[in-house]
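Data block below; observations after.
Quick note: the coordinates plus some simple rules give every number you see, no bench work behind them. This one's a predicted model, so the numbers in the text were calculated from it and none came from an experiment. Counting neighbours? That spans all protein chains shown, and the Cβs are built from the backbone with ideal geometry, glycine included.
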Amino acid sequence: MKKSTLFFLLVTCLSGLIGLGAQGIDLPEPRFNPREAEILSPAVTVLPGTPAAEYLWSLNPGNAAQPMDFSSVAVLAAVGSSDAPIPRDIRNNQYFRESVRLRDMAKEAFDYGDYDSSANYAIESQRYARLSDEYVALQLKIRETDTAIGKARDRIAWAVSRGIDKTYPSQFGDAQGSYDEAVSLREQEQWDPAIAAAQRVLYILADSSERLPLPAQYTVRTWRTERDCLWNIAGYSWVYADPFQWQRLYEANRAKMPEANNPDLIHPGTVLDIPSLRGEVRQGMWQAGRSYNPLPPK
């Protein structure tokens with residue numbers, strides 16, 4: 001095969017203008033480590049939304065001694081647009097190594113004047129380069145998914161440590177449900193839906209950092225200024241948000257009342273205990289000026 005014909009074949013083939021299969025071509029088998037080969041599925045598919053990989057082969061048709069320079073546009077673009085570099089073990093994967101080996105064989109065959117073999121090696125090198133890009137894209141997507149799920153898991157644990165699971169059981173239940181969904185979708189290799197579900201956890205619990213546990217005690221103020229009585233105290237949003245629950249306060253604090261059998265008489269300065277109404281977590285003394293979210297509805 002003439003050099004000019006070979007160069008034309010290489011340029012047109014490797015720019016995606018034509019596609020040639022490797023069937024019937026006697027090429028050496030890929031040098032995979034058997035244990036590494038088990039890690040990957042035989043068929044690697046491009047993730048939804050991932051643009052088709054492009055490859056650049058740079059050679060000078062007027063200089064037969066000019067080496068071919070290969071680079072993967074997809075990998076370079078990923079590196080350029082990512083905040084974190086692609087880990088070496090992902091970038092230097094078995095598909096990439098095989099692509100480089102075949103590229104070197106194409107160069108060697110070209111130097112020896114075996115232009116047919118050089119073209120065939122170049123075509124196979126391109127195929128493995130494409131597989132490498134697909135593998136890199138997949139591994140980066142898996143890493144993005146695991147990072148999102150990890151953040152959701154940490155937020156769930158934080159919410160439990162703050163008692164939000166008991167103080168706001170409905171909200172926490174929604175967050176836990178989204179987290180479980182994210183884990184399940186990850187197991188099904190549905191990466192983008194898994195990321196979305198994990199991000200919902202952060203959204204649901206986004207304002208939890210500003211939430212304080214409902215108070216467990218309250219110091220009675222005066223009737224003249226605050227109109228404090230068991231009825232009104234029970235109606236405070238951070239107590240029960242329901243004045244009809246005054247009897248619960250009365251029963252829990254009967255021993256502190258000036259007259260145990262008279263719920264209408266309470267003295268300013270009396271520290272009332274606020275028992276849990278629906279299993280919500282309560283901690284500490286009520287403090288004026290603090291923002292307490294109301295007790296969740298039934």
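Exactly one of (1) loosely packed, with under 14 Cβ neighbours inside 10 Å; (2) in a helix (DSSP H, G or I) is unmet by Pro258. Its number?
Only one criterion is unmet by Pro258, namely (2).
Given the criterion more than 20 Å from Asn293 (Cα to Cα) and surrounded by 15 or more Cβ atoms within 10 Å (Cβ to Cβ), identify the matching residue among Tyr240, Tyr236, Tyr218, Tyr250. It would help to see each step written out before you state the result.
On the way: Tyr240 fails: more than 20 Å from Asn293 (Cα to Cα); Tyr236 fails: more than 20 Å from Asn293 (Cα to Cα); Tyr218 fails: more than 20 Å from Asn293 (Cα to Cα).
Exactly one of Tyr240, Tyr236, Tyr218, Tyr250 is more than 20 Å from Asn293 (Cα to Cα) and surrounded by 15 or more Cβ atoms within 10 Å (Cβ to Cβ), namely Tyr250.
Looking only at segment 92-138, count how many residues are under 37 Å from the mean Cα position of the chain (by Cα) and of a type in the set (Phe, Trp, Tyr).
4
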